[in-house]
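Notes follow once the structure below has been shown.
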Amino acid sequence: MIEEMSGVTSALVKTALDGLAMQQRVIANNIANANSSGYTAQGMEFEAALRAAAQRHGDEPAADVKARLRQLSAAIDNGELVHATDNIGVKLDIEMALLNQTVLKYQALVQAMGQFGSLRAMAISGEIK
Amino acid sequence: MDYFSSFEISASGLMAERLRLEAVATNLANANTTAAPGSAPYQPVRVVSRPIGAEFTRHLDGAAGQLPAGVQVMSLEKMPVAPRLVYDPKHPDADANGFVAHANVDPLSEMVTMMSAVRAYEANIKAIGAAKAMAQKALEIGDRK
């Protein structure tokens with residue numbers, strides 16, 4: 001019921017949060033291996049895949065989009081979007097910048113989700129607080 | 001997706017960097033040690049680390065889908081350097097020609113290794129802080145405003 005009310009937003013935000021958490025893990029791994037000789041840095045991009053999964057084709061029911069997002073979520077958790085880059089060695093400055101960016105994006109998403117939650121609460125109670 | 005794996009990754013990084021630092025400290029502490037004639041003096045050591053699961057990826061030949069798992073210390077390698085011979089005939093460790101074999105520790109490379117280990121240690125701490133900030137923020141999901 002609540003799922004129906006929210007459309008695809010909840011699934012979309014959940015998948016994005018999963019992606020950011022995995023991105024943090026990839027960065028942490030690069031940093032941990034900063035002094036490993038011959039290590040090639042890993043990278044991960046999920047935004048394009050997320051955009052493709054969230055796209056609604058024609059009169060497609062919302063459930064199909066949600067199913068796609070769930071699939072993408074599982075793929076992210078399995079590390080399927082993690083890839084090796086061409087960079088041998090780790091650029092610590094770039095990793096730190098990406099790390100901060102990831103945390104900020106995550107915090108912004110949680111914030112947005114909270115506001116979305118208060119919209120729902122308003123709809124349930126029928127009164128504006 | 002759990003946060004603990006991220007903490008574990010950074011913890012493995014901290015451990016590797018601390019060991020690197022300890023290796024440097026041991027090398028510097030032994031910089032002036034000598035060896036009796038016929039035995040080899042102290043050989044400086046280096047920490048060799050590899051990403052966890054690296055062997056597995058090599059078999060897959062760059063295939064995607066490798067979960068990041070942190071770093072592991074493979075070995076403590078002795079550096080293949082010849083002893084530093086100093087002419088000092090009165091030294092108790094002097095050989096028949098009056099040469100004393102000193103440990104051949106290069107202070108320059110030790111200091112550089114130390115610096116990069118300290119910087120990498122700091123970066124690992126930051127990564128832990130980032131995972132912590134995200135986990136803490138996630139606790140706010142569903143909070144009533």
Accessible surface ranking that places the most exposed of A:Thr15, B:Thr34 first, with a 1.4 angstrom probe
B:Thr34, A:Thr15
Can you give me the angle between helix B:107-138 and the longest principal axis of chain B, using Cα atoms only, in degrees from 0 to 90, rounded to the nearest 10?
10 degrees
Output the relative contact order of chain A, whole-number percent, from Cα pairs under 8 angstrom with separation of 6+ residues.
35 percent
Pick from A:Asp18, A:Asp93, A:Asp59: which residue has the top mean-square fluctuation in a GNM of chain A where Cα pairs under 10 Å get a spring?
A:Asp59
Using the structure shown, select from A:Lys66/B:Lys132; A:Lys91/B:Lys132; A:Lys66/B:Lys126; A:Lys66/A:Lys91; A:Lys91/B:Lys126; A:Lys14/A:Lys91 the pairs with a Cα to Cα distance greater than 26 angstrom.
A:Lys66/B:Lys132; A:Lys66/B:Lys126; A:Lys66/A:Lys91; A:Lys14/A:Lys91
In order over the stretch B:4-9: 3J(HN,Hα) from phi, Karplus 6.51/-1.76/1.60, θ = phi - 60°, whole Hz, x for each Gly or Pro, gives 5, 5, 5, 4, 5, 4
Relative contact order of the stretch B:69-145, pairs being alpha-carbon contacts under 8 Å that are 6 or more residues apart, as %:
17 percent
Averaged over residues of A:35-41, the number of beta carbons from other chains lying within 10 Å of each residue's Cβ is 6
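The values are calculated or read from the model by the stated rules, or taken from the named source; none is laboratory data. Since the structure is predicted, the reported quantities are computational estimates derived from the model, not experimental observations. Counting neighbours? That spans all protein chains shown, and the Cβs are built from the backbone with ideal geometry, glycine included. Ligands, DNA and RNA are stripped out before the accessible areas are found, and what is left, the full protein with its side chains, is counted by its heavy atoms. Shrake-Rupley method; radii C 1.70, N 1.55, O 1.52, S 1.80 Å.
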